[in-house]
Amino acid sequence: MAIQPTDIAIFLVSFAACIYCFVLSKRLKALQNTKDGLGATITALSTSIAQMSSTTQDTRVRVESMATRLAHLISEADKTCRKLEETIASVDSAKASATDEVHTAQMDLYVMMRTVLDQSKERVAEMTGIMRQMRAMSDEASASLDTASGGLGLLTRSRSS
């Protein structure tokens, strides 16, 4: 049997294909290697995805808990605001009432003081009148005493003479 050029070409092509398959096999094994290759990358990505899923779930739980707590705090804040508004309204009402009462008391006091002042003026005028009358009576008594003692002095002088 004679070797023909086509046999050599088929042999060379088969040999090249065999080498190519050997190189591809090595590359495929390198990709599937869990330490260095694509397998390691896929394993790392799977681990990262699992961690991300776990972290996302934990975050959701925490966010839901915080949202519930925040809603409760907002509700309490609303109640406190309503109570404060009611208290402020009550204080404003009490302030207005107290102001009215103070004004009324001031007016009553003013009227009483005016009445007392008017009465005291009247009493002072009465006392002044009484004091004038007493002076007049005192002056009259003194004058009549002087007159009486003057007449008595004449009598006493005429008896002595």
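Each value in this text was obtained by applying a stated rule to the coordinates, not by laboratory testing. Keep in mind that this is a model prediction, so the values were computed, not measured. When we count neighbours, we look across all protein chains shown, and the Cβ atoms used for this are built from the backbone with ideal geometry, even at glycine.
Compute the length gained on full extension between residue 94 and residue 61: take 0.36 nm times their separation in residues and subtract their Cα-Cα distance, giving the result in nm to one decimal. Kindly include the intermediate steps, with their values, before the conclusion.
Working: separation 33, 0.36 × 33 = 11.88 nm, distance 4.90 nm.
Between residue 94 and residue 61, full extension yields an extra 7.0 nm.
Report the charge-dipole magnitude of the range 1-103 in Debye, nearest 20, computed about the Cα centre from +1 at each Lys and Arg Cβ and -1 at each Asp and Glu Cβ. Let's see the in-between values first.
Values: 11 positive and 11 negative charges, 189 e Å.
Roughly 900 debye, rounded to the nearest 20.
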Charge dipole of the chain about the Cα centre (unit charges at C-beta), most positive-ward option of 93, 43, 137: 43
Calculated [θ] (222 nm, deg cm²/dmol) that DSSP helices of n ≥ 4 give over the chain, each run adding -39,500 (n - 2.57): -36000 deg cm²/dmol
Most fluctuating residue of 48, 144, 97 in a GNM of the chain with Cα springs under 10 Å: which is it? 144
Calculate the spin-label point distance for residue 144 paired with residue 122, positioning each point 7 Å from the Cα along the beta-carbon direction, and give it in nanometres. 3.3 nm
Which of 57, 106, 33 sits closest to the plus end of the dipole of the chain, meaning its Cα is farthest towards the positive end, when Lys and Arg get +1 and Asp and Glu get -1 on the C-beta? 33
Only one of the listed values, (1) 220, 31, 23; (2) 43, 36, 28; (3) 57, 35, 31, was derived from the coordinates as Cα extents along the principal axes in Å; which label is it? (1)
Table column - 3J(HN,Hα) (Hz), the range 114-121, Karplus curve with 6.51, -1.76, 1.60, x for Gly and Pro: 5, 5, 4, 5, 5, 5, 5, 5
For the range 127-143, what does the Karplus curve 6.51 cos²θ - 1.76 cosθ + 1.60, with θ = phi - 60°, yield as ³J(HN,Hα) per residue in whole Hz, taken in order and with x for Gly and Pro? 5, 5, x, 5, 5, 5, 4, 5, 5, 4, 5, 5, 5, 5, 5, 5, 5
